[in-house]
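The values are calculated or read from the model by the stated rules, or taken from the named source; none is laboratory data. Just so you know, these numbers come straight off a predicted model, no measurement behind them. Backbone-built Cβ (ideal geometry, glycine too); neighbour counts: all protein chains shown. Please note that ligands, DNA and RNA were not included when accessible areas were found on the heavy atoms of the full protein model with its side chains. Shrake-Rupley method; radii C 1.70, N 1.55, O 1.52, S 1.80 Å.
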Amino acid sequence: MPFPPSQAASAAPSTPAHRAEPVPPAHPVLASQDPELAALIGAEEALQADTLRMIPSENYVSAAVLEATGTVLTNKYSEGYPGRRYYEGQQNIDPIERLAVDRAKAVFGVDHANVQPYSGSPANLAVYLAFAEPGDTVMGMALPMGGHLTHGWGVSATGKWFRGVQYGVRRDTGRIDFDQVRELALAERPKLIFCGGTALPRTIDFAAFAEIARECGAVLVADIAHIAGLIAGGAHPSPVPHADVISTTTHKTLRGPRGAMLMSKQEHAKAIDKAVFPGLQGGPHNHTTAAIAVALHEASRPDFREYAHAVVGNAQALAAELGERGFELVSGGTDNHLILIDLTPKDVPGKVAAKALDRAGIVVNYNTVPYDPRKPFDPSGIRIGTPSLTSRGLSAAHMPVVAEWIDRAVAAARTEDEAALTKIRAEVADLMRAFPAPGLGAATS
Ligand SMILES: *Cc1c(COP(=O)(O)O)cnc(C)c1O
């Protein structure tokens, strides 16, 4: 389901490949003032148009979201919150932020929303500031198991300034081990428990986490950065009745600008607002706030529900096709937008496969798999996802060819067959030309 469908259709170039006249530059002022930078942006637009982008944390924002991010709102300072600012001239900024907050509350069904965090990592840091003291014990999923750095992992400030205890998934099922989570929580009594992560192909059982958090008196933080769009579209259960705090980025499945939000029950509203400003940040990025409001408006529409369900449908169709081609999928498949592949049986390291796929026009990332015997910078797996290709309108009917390309590219990585990768790249570009990307219009090279 292209999203929004009308826009994808109108953005379709009539004769993309064999244009007679030269195409005017997409950014004419930039092209004349700073041609070096304009050329790089143009090349990135062509790359995003011609490739199959399968990094599960990425997406294509709509032209409307893109427009909002490139406005004069970037010129304005507005430390504080609507009606309580430290700078004058907020006649337009206050209603913009109120609109974003009200839309967030409506889309997710929450009491309180703060739309000011600069990105997912600072949003999580604000949660620590609101509920914990340096040295306190916090609990989250281990990074190599699929958690996020900011959930108390050692190299992160959250693991250096707090005492992080970490849970994982079971070796036999690839799923969260709730017996281990409960045992660890009751033994360590963390102040905060984070659930959610970056490489979890299965539904998160927020109710099970909430029960454990209650038993040990912890604040439960649902970090829905990856799945916010699925939740907004009804394709993943909501954490709202269960979690004390919900943290999310706005730029992954939610299809907004790079940014973040913190949502909570009313009782935690003050603590969260104080932690974001003045606790951690200065002025909010108003152009981002406006674009978040636009994205939330899009996410409230019925076609976004179709989009969210199509993302999951495509991932499940792709998982089945990959399984048939002998790929080993962590946990055996997927419930959401992402698939984690252990390439050990294919005899190709994750990084070698990811780089070969990139040369074949399929952009993924190498990733650790649970209990990975290899090092994080050279792990056994790759992580792929369907949010971006679904935004372009690819459907389950396309997943057999996508699986075949991945299969051929991984085989070519093993045999170092550069010609095979070049051939796949041309086939990919050929298909993608028929599915113009939202926001890119006629940028296709
Ligand atoms: C992406 C992500 C973040 C961090 O977001 P940034 O905007 O990259 O800082 C935090 N938590 C989870 C679970 C994520 O997937």
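Here the gap between Ser395 and Thr422, fully extended at 0.36 nm per residue and compared with their Cα-Cα distance, gives a gain of 7.3 nm. Above 23 Å, the calculated P(r) of the range 80-184 contains 48 percent of its Cα-Cα pairs. Cross-link reach is defined here as a Cα-Cα straight distance under 19 Å, omitting same-chain residues fewer than 8 places apart; for Lys423 the aspartates and glutamates meeting it are Asp50, Asp358, Glu404, Asp407. Helices from the chain with mean Kyte-Doolittle at least 1.6 and a Cα length along the axis of 27 Å or more, per DSSP H: which? In the chain, no H run is both long and hydrophobic enough. Rounded to the nearest whole Hz, the Karplus-based 3J(HN,Hα) values (6.51 cos²θ - 1.76 cosθ + 1.60, θ = phi - 60°) of the range 263-275 follow the sequence 10, 7, 5, 4, 4, 9, 4, 4, 4, 5, 4, 5, 5, with x at glycine and proline.
Shown for the range 242-380: the carbon plus sulfur share of the solvent-accessible area, taken with all protein chains present and a 1.4 angstrom probe, equals 53%.
Order these peptides, 103-109, 192-198, by their mean beta-carbon neighbour count within 10 angstrom, highest first. Present the calculation step by step, with values, prior to reporting the outcome.
Numbers: 103-109: 18.9, 192-198: 26.7.
Final packing ranking: 192-198, 103-109.
Modelled this way, with points 7 Å down the Cα-to-C-beta line, the labels at Thr415 and Phe377 are 3.2 nm from one another. Across the range 239-256, the residues whose backbone nitrogen lies under 20 Å from the label position 7 Å along the beta-carbon direction of Glu267 are 239-247. Put simply, when 137-146, 357-366 are sorted by average Cβ atoms within 10 angstrom per residue, most first, you get 137-146, 357-366. In the elastic network of the chain, a GNM with C-alpha springs shorter than 10 Å, the most mobile of Tyr77, Tyr86, Tyr60 is Tyr86. Amide H to amide H, with H built 1.01 Å from N, Val165 comes under 5 Å of Val138, Met139, Gly140, counting only residues 5 or more places away or on other chains.
Which of rounded, prolate, oblate describes the chain, given a ≥ b ≥ c as roots of the alpha-carbon gyration tensor eigenvalues and a/c under 1.5 marking rounded, otherwise prolate only if a/b is larger than b/c? The shape class here is oblate.
Site pair Asp205 and Ala46 shows an inter-label distance of 5.1 nm when each label is modelled 7 Å from Cα along Cα→Cβ. Each principal axis of the Cα cloud of the range 72-299 was evaluated for its coordinate range; sorted largest first, these ranges are 56, 37, 29 Å.
When the chain is treated as a GNM with alpha-carbon contacts under 10 Å, the residue of Leu280, Leu30, Leu431 showing the greatest mean-square fluctuation is Leu30. Using θ = phi - 60° in the Karplus curve 6.51 cos²θ - 1.76 cosθ + 1.60, the 3J(HN,Hα) couplings for the range 66-82 round to 4, 4, 4, 6, x, 10, 5, 4, 5, 7, 9, 9, 8, 3, x, 10, x Hz; x is entered for Gly and Pro. Label the range 305-445 by shape, choosing from rounded, prolate and oblate, from the square roots a ≥ b ≥ c of the eigenvalues of the Cα gyration tensor; if a/c is under 1.5 it is rounded, and otherwise prolate applies when a/b is larger than b/c, oblate when it is not. It comes out oblate by the Cα gyration axes. The label-point distance for Glu67 and Lys355, in a model that sets each label 7 Å from Cα toward Cβ, rounds to 4.3 nm.
Entry note, the chain: the mean residue ellipticity at 222 nm calculated from DSSP H runs of n ≥ 4, each adding -39500 (n - 2.57), is -12500 deg cm²/dmol after division by the residues and rounding to the nearest 500. Normalised by the number of residues in the range 331-377, the mean separation of alpha-carbon contacts (under 8 Å, six or more apart) gives a relative contact order of 27 percent. Using 0.36 nm per residue and subtracting the Cα-Cα separation, the extra length available between Glu404 and Lys105 on full extension is 103.5 nm. For the range 72-299, the number of Lys pairs with C-alpha atoms closer than 16 Å, counting only pairs eight or more positions apart or on separate chains, is 4.
What is the calculated FRET efficiency for Glu215 to Arg301, with r their C-beta to C-beta distance and R₀ = 56 Å, to the nearest 0.05? With R0 = 56 Å, the Cβ-Cβ based efficiency is 0.90.
Taking the solvent-accessible surface of protein heavy atoms with a 1.4 Å probe, what is the per residue accessible area of the chain in Å²?
Values: 18550 Å² over 445 residues.
In whole numbers, the chain has 42 Å² accessible per residue.
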